[in-house]
1. Which of the residues belonging to the stretch 28-49 are in a helix (DSSP H, G or I) and of a type in the set (Asp, Glu)?
2. Please go through the stretch 227-263 and pick out each residue that is part of a loop (DSSP other than H, G, I, E, B), modelled with pLDDT of 95 or more and closer than 17 Å to residue 4 by Cα.
3. Looking at this structure, is residue 283 at pLDDT below 95, among the hydrophobic types (A, V, I, L, M, F, W, C), loosely packed, with under 15 Cβ neighbours inside 10 Å and part of a loop (DSSP other than H, G, I, E, B)?
4. For the stretch 179-200, indicate whether the set of residues that are among the hydroxyl-bearing types (Ser, Thr, Tyr) and either crowded, with 22+ Cβ neighbours inside 10 Å or assigned to a helix (DSSP H, G or I) (or both) is non-empty.
5. Residues being of a type in the set (Ser, Thr, Tyr) and buried (at least 21 other Cβ atoms within 10 Å of the Cβ): count how many of those fall in the stretch 219-263.
6. Has the stretch 230-246 got at least one residue that is within 16 Å of ligand 4 (Cβ to nearest atom), under 30 Å from residue 157 (Cα atoms) and within 19 Å of the chain's Cα centre (by Cα)?
7. Anything in the stretch 157-175 that is polar (S, T, N, Q) and at pLDDT below 95? List them, or say none.
8. Test of understanding: among 271, 247, which residue is in contact (Cβ under 8 Å) with a residue 24 or more places away in the chain, in contact with a Leu (Cβ under 9 Å, 6 or more places away or on another chain) and within 16 Å of ligand 3 (Cβ to nearest atom)?
Amino acid sequence: MKYELSPMFKADLHTHSYFSDGSFSPEELVDLAVKNSLNGLSITDHDTTDAYSRLIPYAKEKNLPLISGIEISSSYKGVPIHILGYGFKLSHPSIISIEEMQKKRRFVRNQGLIERLNKKGIDLTQEEVLSLFPHPPSQLGRPHIAKALLNRGVISSIQEAFSRYIGEGKSCYIPSITPTIEEVIDHIHQAGGLAILAHPHLIRANHLITNILDHPFDGLEGYYGTLSPKKDQKWVNIASSKGWTITGGSDFHGDTKPNQPIASSWTNMTTFTLLEEKFNENLS
Ligand code: AMP
Ligand code: ZN
Ligand code: FE
Ligand code: FE
């Protein structure tokens, strides 16, 4: 199957709002999407769909086609794997249950991470991190902790927080307790959605890629942020050979990741329409 990507139709299916670690509200994301002439949008917050109660009516008002989305944290043999879910039923118990489970697991991980920072003389609490955000995020992540460290003047950039303290393998890092890839795919499927392997080029374990791709995904994210089309092609080819769906998105976070502008990558009309039909079926 040939995957056509035309600039005539662009649906950005990977964006984050302030319900996770993005800096914009759902309404601001819709306005930005319209301003950038996007033909479709999905907000894929980390482990939460809380943006949708405000997003659905606002996108309707602005005539912006929308599909349900989420980015769920998983891992394989200790390697973090992000899985995108699309078109699923938003209120489905399997989505609600995985969001709740992730919230509990994140709380425990964040607590451990903060305790390590405390041992270094940085007296931070999760409550303090949360209080820094005018709109409290539904899922607290390392980028929020990085912002708190920046606010304290402990470091001078978000990047430094990761490279010195909370990045993988750094002195205050502890891995998250995550569901398996199978569990995440199963929860998305139960809610009637498609499970897509997010940004496969970012997986830092080449020897595990074949095993990871052996899982029952429906597709992968072949176009991502400002990744060059040449590199993108590798993943597009892999997906095509498996008969998988290919999606694309910017992974827009606003100020949190300033180098990834909205609409820098996108999904084509055929794929978006397929996902939109699924979403509409699951709305009732
Ligand atoms: P968490 O899910 O709480 O472990 O946080 C993971 C998020 O932190 C990822 O989605 C990235 O957006 C961000 N992140 C991870 N590593 C880095 C890094 N080295 N620099 C900046 N952001 C990072
Ligand atoms: Zn993020
Ligand atoms: Fe991700
Ligand atoms: Fe993301």
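1. 28, 31
2. Correct list: 243, 244, 263.
3. yes
4. If we filter the stretch 179-200 for residues that are among the hydroxyl-bearing types (Ser, Thr, Tyr), which is where we start, we get 180.
When the remaining residues are screened for being either crowded, with 22+ Cβ neighbours inside 10 Å or assigned to a helix (DSSP H, G or I) (or both), the result is none.
So far as the stretch 179-200 goes, no, none of its residues is among the hydroxyl-bearing types (Ser, Thr, Tyr) and either crowded, with 22+ Cβ neighbours inside 10 Å or assigned to a helix (DSSP H, G or I) (or both).
5. Step one: of the stretch 219-263, the residues of a type in the set (Ser, Thr, Tyr) are 223-224, 226, 228, 240-241, 245, 247, 250, 256.
Filter again for buried (at least 21 other Cβ atoms within 10 Å of the Cβ), leaving 223-224, 245, 247, 250.
Number satisfying all stated conditions: 5.
6. For the stretch 230-246, residues within 16 Å of ligand 4 (Cβ to nearest atom), under 30 Å from residue 157 (Cα atoms) and within 19 Å of the chain's Cα centre (by Cα): absent.
7. Selection gives 157, 159.
8. Values: 271 fails: within 16 Å of ligand 3 (Cβ to nearest atom).
When all the criteria are applied, what remains is 247.
The values are calculated or read from the model by the stated rules, or taken from the named source; none is laboratory data. Since the structure is predicted, the reported quantities are computational estimates derived from the model, not experimental observations. Ideal geometry is used to build each Cβ from the backbone, glycine not excepted, and the neighbour counts take in all protein chains shown.
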